[in-house]
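What follows is one structure encoded as structure tokens, with my remarks underneath.
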Amino acid sequence: MADLAPAPNHAASQASEEQQKPNSTSPISTHVLVPEEQLIRLRELSRRTRVAQSEYLREAVDDLLAKYGYPRRSSKR
């Protein structure tokens, strides 16, 4: 007779997965490669306007997604 493993605890694994899922408003870190000239210009814009580079990048992603038919974020950061 084959060894039987205990049945998985689906409720516990589901709760664990839910805890690991980020909240839709929680920022997630990512890594992008951009040409040096774009980075220089982004840094200068950010310095001059005192708006974080990350906010400009989120705005750019929102614009790109809207261009392809995805809804905009519901709240601004």
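The numbers here are math on the coordinates, done by the rules we state, and not lab data. Since this is a predicted model, take the numbers as computed values, not measurements. Neighbour counts are summed over all protein chains in view; Cβ atoms, including those assigned to glycine, are modelled from backbone coordinates with ideal geometry.
Applying a 10 Å radius around every beta-carbon, put 49-59, 32-42 in order of their mean neighbour count, most first.
The densest-packed peptide leads the list: 49-59, 32-42.
Label I28 and Y70 with points 7 Å out from Cα along Cα→Cβ: what is the distance between them in nm?
Result: 1.0 nm between the two label points.
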